[in-house]
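Novice: Dropping the structure in here first, questions after.
The values are calculated or read from the model by the stated rules, or taken from the named source; none is laboratory data. In this text the structure is predicted, and so the values were computed from the model without any measurement. Virtual Cβ from ideal backbone geometry, glycine too; neighbours counted across all protein chains shown. All accessible areas refer to the heavy atoms of the entire protein, side chains included, with ligands and DNA or RNA removed. Shrake-Rupley method; radii C 1.70, N 1.55, O 1.52, S 1.80 Å.
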Amino acid sequence: MTTQSPQTKYLKDYLTPAYLVDQVELDFYLSPTATQVASTLALRLNPDRNGVIEPLVLDGEHLQLVAVEVDGVSLEPADYQCDDVSLTIPAPPAQLTVHIITRIDPLNNTALEGLYQSNGIFCTQCEPEGFRKITYYPDRPDVLAPFRVRIEGEPADCPVLLSNGNLVDQGVLDDGRHFACWEDPFPKPSYLFALVAGNLVCLEDHFITLSERRVLLQIFVEERNRNDCDFAMESLKKAMKWEEQVYGLEYDLDRYMIVAVDDFNMGAMENKGLNVFNSKYVLARPETATDNDYLGIEAVIAHEYFHNWTGNRVTCRDWFQLSLKEGLTVLRDQQFSADMQSAAVKRIDDVALLRQYQFPEDAGPMAHPVRPESYVEINNFYTTTIYNKGAEVIRMLETLLGRERFVEGVRLYLKRHDGQAATCEDFVAALEQAGEVDLTRFRRWYTQAGTPEVQVVCHYDCATQTFTLDCQQSCPATPGQPDKEPFHLPLVMGLLGHDGTDLALQLASDEAPGGTSRVLELTQSRQQFSFVGVQEQPVLSLLRGFSAPVRLTMEDRPEDLAFRMAYDSDPFNRWEAGQQLSVAELLQLYRQQLEGQLSTGLSQVFVDAWGVVLTDNEADESLLARMLQLPSEQYLADQLDEVDPQRIRAVREQALRHLLSVHREKLLQCYDRYSSAGEYSLNPVAVGRRRLVHGCLSLLMLEPDELLQDRCLRHYQQAGNMTDRLAAFAALVDCRQSPLRDQVKEDFYRQWKHYPLLLDKWFSTLASGRHENTFFEIERLLLHPDFTLSNPNRARSLLGAFAQNLAVFHRQDGNGYRLLTEQIRRLDKRNPQVAARMATPLTRWKRLEPQRRALLREELVALQQENLSRDLYEIVNKSLV
Ligand code: B3K
Ligand code: ZN
């Protein structure tokens, strides 16, 4: 906690490290409340200082310093300075060995950063700046060193002792304690250090690499979870193979370990050779995990594995470059998942996520470029902009270069910087060279925040058979960036003929028509593209596959959108046309309500087009399920200048009821056609069918007669997997007048109260309820004996779901704001990182309608007066500017 205003750090102030580390030796003597850490560092003055001695400043926080020695001589307190954040040796020799002993308290480490104990398991989280909570060290990513680690502990409590790299020694000591020694031959920054010790069982498998090396694969979990690791193991092997096939990259150590723990601030961590995972992203069996859980596991296992190259072998020079590893690794995990599942639906889901979270971030007070220029607390910058927009930026490079040259560029970057700490500029430079393209303007994606707006006006000239696109781009101001330069962005497009087929494309500058899909490169504020030889008035399909992270506006006629919804050969754009049509319909209803006009209901064009999708027997079922979903409340809110979240919900429900009243029979048929009790499988067809069935069910359950309620109850009771069970549970939870609601609520709790991940689902499903009593239910759940703020998953399951339940969170009386603020205040004392993350919904006050805006702002102002962690301080203060 801090009382003074925390300092801002700037990219422009970057200096190379004064000292380099040639070798790290760590000796851990484990004990829950008094672990002793002895560290021996071989240091030398950075040669770039030309022999001019500088003070040696080592980072360290929340440490009890026991002893310091330099070159074997013990230092007196007068020989060094030690404060809350560092240990300084004012004038050390140019080459020295420092030996430091510190003591730490893992059991009471509630921030879950550094070394902490979770359910009796010692584990670490060092990225970005947690290592300094273990020992004094130059804790920055551009200091790379080989580590040798010795861990000593009680065999009864900690039969398993793990760290990075290779196990080189182990044994039992005279006093009954035991030890293990690990050596990681790859120099690494301190944020990739890991230690795990506890009572864990190990599941083993192996992988033979391209060059026929055998890699031991191990997943460590608590005994009770031993049977839930098969899917994670399979995913790991698939990821290893995929990376070899697509990028030609092999794993480099002899052993790859994954540990699952229940208390973890985020999803997982890519520590070299020893990944630590939130158990949510490891444990799965059909009875306990949903399709989305499975897909999440597949993606996160792959993501952490891919970091071994993009992140570990080549790391970041400083934390401003975070997207260098995160954006690239997200893109790679997206490519992998697309190849494993339905590629079109994966793309739709990734774009929906971007729009749901990143677009609002880019339009809000925390907006920052993919490579930020300043921060107060780096933990606040593990954002959807760094991760997801970062991935979109690299995806655009892939579109501009083509897959082959793109992969070549990534390989060139890895080769050139192997074993080094690199920058985003190094990455772009390698791609520029491999792709033989000029990326000067493209680099602006790294420096300018905000979501660009692209406006396109089309004109078809029948006489000259010319079709012209007039494109303009601009980008709204963001904090600290009032004016923006134009971006370089790829617009993938096609033209559809009257029968729905793609027309051959010929730009005025082309010699002959070529292909039916084209990448137009927009590099200026305004540009025109003309196609010749267009024999009929076409329908334009633009931004196919969402080829650039922009907001596109075109004056599409509803008939054209309905046409593209039915015929576009690009599945993403089929979905997108439906979304645009729905947004237009819903916003019209919203405005009618706001102005007190009589509602016209949904247009016939829309209701019919939606019905056509429902009866489509040919397309991928997952795609159909996505097409039948109306845009989320958050996405709708994002289209308005003054948001009334309760009105948005009312309008969306009105639309759903309209669709239900017209298409009830078809929904029932679709539900019947695809409900099946067969064995659980994760193949894309099975997943798609379940999505479709659950979409139908949730719509039908908006107005359920008794017969339907019974069916839903049977669906819940007879479900052979959690995907089916949870969908029916969620539908029944919203049946407010029915006694079934309480029955299933109780039943689910009774069945799964000993399984934390499912208890999380119970909390979040109840907190996502749509009926008016949900708020009071949430208040009661906060007092439930199973609710706790000390487990991040549990805190997120209730508070996160609540804050995303927009109509409930944004109650008109402001009690939703008070409730969340109060919980964040408490959480901030325990775990600032999670508290700051949960505060994001509080920062979105500026675009609310005036009454709610004032109420929410009031809460933030009150919070601002308090003694906050640096994490929360930054979020609250920036959002009030
Ligand atoms: N690199 C970690 C994230 C660490 C977050 C620290 N607040 C996981 C990942 O992106 O793979
Ligand atoms: Zn990552």
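Novice: Quote to one decimal, in nm, the extra length available between residue 880 and residue 373 on full extension: 0.36 nm per residue of separation minus the C-alpha distance between them.
Specialist: 180.5 nm
Novice: Straight-line reach from residue 238: which lysines have a Cα under 29 Å away, not including same-chain ones fewer than 8 places off?
Specialist: Of all the lysines, those that pass the test against residue 238 - Cα under 29 Å, at least 8 places apart if same chain - are 188, 272, 280, 325, 346, 389, 415, 761.
Novice: Just to make sure I understand: if all protein chains stay in place, what is the order of 400, 26 by accessible area at 1.4 Å, largest first?
Specialist: 400, 26
Novice: Next question. How much area per residue is accessible in segment 531-654 when the probe is 1.4 Å and only protein heavy atoms are counted (Å²)?
Specialist: 40
Novice: Can you give the charge dipole size of the chain about its Cα centre, rounded to the nearest 20 debye, using +1 on the beta carbon of Lys and Arg and -1 on the beta carbon of Asp and Glu?
Specialist: I would put it at about 1260 debye.
Novice: If you don't mind, another one. Give me a comma-separated list of calculated 3J(HN,Hα) values for segment 782-787, in order, Karplus coefficients 6.51, -1.76, 1.60 applied at θ = phi - 60°, integers in Hz, x for any Gly or Pro.
Specialist: 4, 9, 5, x, 8, 8
Novice: Still on this structure: Heavy-atom accessible area of residue 320 with all protein chains present, probe 1.4 Å, nearest 10 Å²?
Specialist: Approximately 10 Å² for this residue.
Novice: Would you mind computing, in nm to one decimal, how far apart the modelled labels at residue 525 and residue 254 are, each placed 7 Å from Cα along Cα→Cβ?
Specialist: Reported label-point gap for residue 525 and residue 254 is 6.3 nm.
Novice: Sorted by accessible area with a 1.4 angstrom probe, largest first, how do 377, 595 fall?
Specialist: Sorted by accessible area, descending: 595, 377.
Novice: Across the Cα atoms of segment 63-117, what radius of gyration and what greatest pairwise Cα-Cα distance (Dmax) are found, in Å?
Specialist: When restricted to the Cα atoms of segment 63-117, Rg and Dmax are 13.6, 38 Å.
Novice: Using a 1.4 Å probe over the heavy atoms of the protein chains, calculate the carbon and sulfur portion of the accessible area of segment 715-777 as a whole percent.
Specialist: About 48 percent, which is the carbon plus sulfur part of the accessible surface.
Novice: Tally up the carbon and sulfur contribution to the accessible surface of segment 85-218 as a whole percent, 1.4 Å probe, everything protein left in place.
Specialist: 49
Novice: Can you list the residues, at least 5 places off or on another chain, whose amide H is less than 5 Å from the amide H of residue 316, using H built in the peptide plane?
Specialist: The answer is 422.
Novice: Another question, then. Length gain on complete extension for the stretch residue 866 to residue 588, per 0.36 nm per residue less the alpha carbon to alpha carbon distance?
Specialist: Stretched out fully, the residue 866 to residue 588 stretch lengthens by 95.8 nm.
Novice: Next question, about the same structure. Where the centroid of each part is defined by its Cα atoms, how far is segment 771-832 from segment 43-77 in Å?
Specialist: Here the two parts' Cα centres lie 45 Å apart.
Novice: Can you give the accessible area of residue 749 in Å² (nearest 10), computed on protein heavy atoms with a 1.4 Å probe?
Specialist: Approximately 40 Å² of residue 749 is accessible to the 1.4 Å probe.
Novice: Continuing with the same structure: Can you give me the distance in nm between label points at residue 749 and residue 770, each placed 7 Å from the Cα along the Cα-to-Cβ direction?
Specialist: It is 2.4 nm.
Novice: Here is a further query. Can you pull the percent of segment 360-429's accessible area that's carbon plus sulfur, 1.4 Å probe, other chains left in place?
Specialist: 44
Novice: Quick one: Karplus J couplings for segment 748-764, per residue in order, coefficients 6.51, -1.76, 1.60, θ = phi - 60°, nearest Hz, x for Gly and Pro?
Specialist: 4, 4, 4, 5, 10, 5, 9, 10, x, 5, 7, 5, 4, 5, 4, 4, 6
Novice: Hey, what angle do you get for helix 390-401 against the long axis of the chain, alpha-carbon based, 0 to 90 degrees rounded to 10?
Specialist: Between helix and principal axis, roughly 70 degrees.
Novice: With a ≥ b ≥ c the root eigenvalues of the C-alpha gyration tensor of segment 499-558, is it rounded (a/c under 1.5), prolate (a/b larger than b/c) or oblate?
Specialist: It comes out oblate by the Cα gyration axes.
Novice: In addition: Averaged over all directions, how much area does the convex hull of the C-alpha atoms of the chain cover when projected, in nm²?
Specialist: Averaged projected area of the chain's Cα convex hull equals 37.8 nm².
Novice: Just read off the accessible area of residue 788 with the full protein assembly in place, 1.4 Å probe, to the nearest 10 Å².
Specialist: 50
Novice: Using only the alpha-carbon atoms, how far is helix 850-864 inclined from the longest principal axis of the chain? Give it as 0 to 90 degrees, nearest 10.
Specialist: With rounding to tens, the tilt is 0 degrees.
Novice: Right, something else. Given the rule -39500 (n - 2.57) for each run of at least 4 DSSP H residues, summed and divided by the residues of the chain, what is its mean residue ellipticity at 222 nm, to the nearest 500 deg cm²/dmol?
Specialist: -12000 deg cm²/dmol
Novice: Counting heavy atoms of the protein chains only and a 1.4 Å probe, report the per residue accessible area for segment 45-143 as a whole number of Å².
Specialist: Ligands and nucleic acids excluded, the figure is 41 Å² per residue.
Novice: Starting from segment 175-229, pick out the GluC sites (Glu not before Pro) whose DSSP state is loop and whose Cβ has at most 11 other Cβ atoms within 10 Å.
Specialist: 212
Novice: Then there's this: State whether segment 287-341 is rounded, prolate or oblate according to the following rule on the C-alpha gyration tensor (a ≥ b ≥ c being the square roots of its eigenvalues): a/c under 1.5 gives rounded; otherwise a/b larger than b/c gives prolate, and the remaining case gives oblate.
Specialist: Taking the square roots of the gyration eigenvalues as a ≥ b ≥ c, segment 287-341 is prolate.
Novice: Moving on to the next point. To the nearest 20 debye, what charge dipole does segment 1-87 have about its Cα centre, counting +1 at the Cβ of each Lys and Arg and -1 at the Cβ of each Asp and Glu?
Specialist: Once rounded to the nearest 20, the dipole reads 340 debye.
Novice: Loop only per DSSP, at most 16 neighbouring Cβ atoms within 10 Å: give me the GluC sites (Glu not before Pro) in segment 744-816, ordered by residue number.
Specialist: Of the GluC sites (Glu not before Pro), the ones in loops of segment 744-816 whose Cβ has at most 16 other Cβ atoms within 10 Å are 772.
Novice: Find how much the distance from residue 157 to residue 48 grows on full extension, using 0.36 nm per residue of separation minus their present alpha carbon separation; answer in nm with one decimal.
Specialist: 34.5 nm
Novice: Can you give me the C-alpha center-to-center distance between segment 301-359 and segment 256-284, rounded to a whole angstrom?
Specialist: 17
Novice: So, one more: Nearest 10 degrees, 0 to 90: what angle lies between the long axis of helix 343-353 and the longest principal axis of the chain (Cα atoms)?
Specialist: 80
Novice: Compute the signed sum of charges (Lys and Arg +1, Asp and Glu -1) over the other residues within less than 13 Å, Cβ to Cβ, of residue 878.
Specialist: -1
Novice: Another one. Dividing the Cα convex hull volume of segment 748-881 by residue count, how many Å³ per residue is that?
Specialist: 95
Novice: How do 27, 742 stack up against each other in accessible area, from largest to smallest, with a 1.4 angstrom probe?
Specialist: Largest accessible area first, the list is 742, 27.
Novice: Still on this model: At what distance in nm do the modelled label points of residue 501 and residue 829 sit from each other, each positioned 7 Å from its Cα along Cα→Cβ?
Specialist: Distance between the two pseudo-spin positions: 7.2 nm.
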